[in-house]
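Chemist: First the structure, which I've put down as structure tokens, then a few questions once you've had a look.
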Amino acid sequence: MTRLAMRQGATNLAQGFPDFPAPAVLKQAATQAIADDINQYAITWGAKPLRDSVAAKYLRTYGMEFDPEREITVCCGATEGMIASLMAVLDPGDEVVLFEPFYENYGPDTQLCGAEPRYVRLREPDWSFDPDELRRAFTPRTKAIVLNSPNNPTGKVFTRAELESIAALCQEFDALAITDEIYEHILYDGAVHIPIASLDGMRERSILVNSMSKTYSVTGWRVGWVLAPPDLTDSIRKVHDFLTVGAAAPLQQAGAVALGLDEGYYQALSAEYGRRRDHMLTTLESAGFRCFRPAGAYYVMTDISAFGAASDLAFVRYLIDTIGVAAVPGSSFYAQPGGGDRQVRFCFCKKYETLEIARHQLAKIQRA
Ligand code: PLP
């Protein structure tokens, strides 16, 4: 969709990357690191200052202790963190529980490991799941559940009660929780992010994946990290070493600075995105979309039934070609046929001027 948007000169509300600058302090730290000749391979599992900074941040934010020497692996974004973790723990024939709709990578990641995804539906409008359906998805072959909260594409933030029910199943079936917490600091309306690893009995069976991409608006830097108990970290580090050796060394130095930012930075981030979310919701609702109000992350999932399009894909083509706005067809977040064919996702991690252009363009949509 990004490629199509570029070809057609459309406003890109498809792929989730900001079109505004990264924080100046991070850019300075990165340029300084290059000027200081931090240009060679960092330690494969991550530069010491960054691992120390990650450990200090989790202690400050969640009261959770991670040993930088044995429990933290720096990798090339959450993308590598997720596949390295899955490759480290999955054997062919294992099953992995995935909530659907899901961030596109988890399905292919699971299949690349020769494992089988088992899908559990999150149902609009609040994207809740049926506890019985979740239980039925767990079998003796279940090795892990992948959990993304705050969630892309729905904006759902899993509640403590939901997390506890997932944790109970992980313990009953001896399964791991592999969590993608990349939107942990983008929360609205008082929503609270709880790492499942912080729940009783979950620390030793959780793998927490995160990255700088969204929190610090640097999706192109490709710096992420994986937190896991020492035995799991040992396996993850081996896979990581052979996949990528390591993330860019000077950007890891800047990462150490980023993770040291104070609480005010994260509060401002959520508040700022909250205003953009409201702007986007007003735009979409005025244009005739039914919106599912996100509690976190920076996307709005919408229902396009009112427009009478043949499919989500046909509607997105119309949006790009005729209206001049790119979005993501809902079906790309579903594996099961028919899933998401009345849904389209818009991202709002954009400058106000971009959001204003999109508002004018989307106002031209014809309703059925
Ligand atoms: N996980 C989720 C849920 C995402 O939405 C994205 C990017 O959109 C990623 C992972 C990719 O993360 P990274 O840039 O750290 O590889």
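Chemist: Given a Förster radius of 35 Å and the C-beta distance between Asp241 and Arg275 as r, what FRET efficiency does 1/(1 + (r/R0)^6) yield to the nearest 0.05?
Modeler: Rounded to the nearest 0.05, the efficiency is 0.25.
Chemist: Mind listing the phi-derived Karplus ³J(HN,Hα) values for the range 350-367, rounded to whole Hz, using 6.51, -1.76 and 1.60 with θ = phi - 60°, and x for any glycine or proline?
Modeler: For the range 350-367, the Karplus curve yields 10, 4, 4, 5, 5, 5, 5, 4, 4, 4, 5, 5, 5, 5, 8, 5, 8, 8 Hz.
Chemist: Here's something else I'd like to know. Once you order the gyration tensor axes a ≥ b ≥ c over the Cα atoms, which shape class does the range 45-197 get: rounded for a/c under 1.5, otherwise prolate or oblate by comparing a/b with b/c?
Modeler: Oblate, because a/c is 1.5 or more while a/b does not exceed b/c.
Chemist: Pop out the ³J(HN,Hα) list for the range 99-105 in order, Karplus 6.51 cos²θ - 1.76 cosθ + 1.60 with θ = phi - 60°, rounded to Hz; leave Gly and Pro as x.
Modeler: 7, 10, x, 9, 4, 3, 5
Chemist: Separate question: Label 7 Å along Cα→Cβ of Ser165; the range 104-143 residues with amide nitrogen under 18 Å?
Modeler: Residues 119-139 qualify, since their backbone N sits under 18 Å from the label point.
Chemist: Taking H as built 1.01 Å from N, whose amide H comes closer than 5 Å to the amide H of Trp225, not counting residues under 5 places away?
Modeler: Cys75, Asn210, Ser211
Chemist: Also: Over all directions, average the projected area of the Cα convex hull of the range 253-334 and note it in nm².
Modeler: Orientation-averaged projected area of the Cα hull: 7.6 nm².
Chemist: If you don't mind, another one. For Thr179, which sequence-distant residues (separation of 5 or more, or a different chain) have an amide H within less than 5 Å of its own amide H, given hydrogens modelled in the peptide plane?
Modeler: The list, which skips near neighbours in sequence, is Leu147, Ile207, Leu208, Val209.
Chemist: Then there's this: Amide H of Val120: which non-local residues (sequence gap of 5 or more, or other chain) have their own amide H closer than 5 Å, using H built in the peptide plane?
Modeler: Residues meeting the criterion, in which the H sits 1.01 Å from N, are Leu98, Phe99, Glu100.
Chemist: Project the alpha carbons of the chain onto their principal axes and report the range along each, largest first, in whole Å.
Modeler: Sorted largest first, the three principal extents are 59, 53, 36 Å.
Chemist: Bin by bin, in steps of 10 Å, what percent of the Cα pairs in the range 302-361 do you find, going until the bin that has the longest distance?
Modeler: 23, 51, 23, 3
Chemist: Can you give the calculated 222 nm mean residue ellipticity of the chain, where each DSSP H run of n ≥ 4 adds -39,500 (n - 2.57) and the sum is split over every residue, rounded to the nearest 500 deg cm²/dmol?
Modeler: Helix-only estimate at 222 nm: -12000 deg cm²/dmol.
Chemist: Let me ask something else. Quick one: 3J(HN,Hα) in Hz for the range 20-31, Karplus 6.51/-1.76/1.60 with θ = phi - 60°, rounded, Gly and Pro as x.
Modeler: With the stated coefficients, the range 20-31 comes to 10, x, 6, x, 4, 4, 6, 5, 5, 5, 5, 5 Hz.
Chemist: Taking DSSP loops as anything outside H, G, I, E and B, show the longest stretch in the chain free of trypsin sites (Lys or Arg not before Pro) there with at most 15 other beta carbons within 10 Å. If you can, show how the numbers build up before the last one.
Modeler: Numbers: sites that count: Arg70, Arg141, Lys351, Lys364, Arg367.
Here the longest run is 142-350.
Chemist: If I model a spin label at Asp321 and Gln40 as a point 7 Å from the Cα along the Cα→Cβ vector, what separation in nanometres do I get?
Modeler: So the two model labels end up 5.6 nm from each other.
Chemist: In percent, what relative contact order does the chain have, based on Cα pairs under 8 Å that are 6 or more apart in sequence?
Modeler: Reported relative contact order: 25 percent.
The numbers here are math on the coordinates, done by the rules we state, and not lab data. As the structure is a prediction and not an experimental result, all values here were calculated from the model. Every residue, glycine among them, receives a Cβ derived from its backbone with ideal geometry; neighbour counts consider all protein chains shown.
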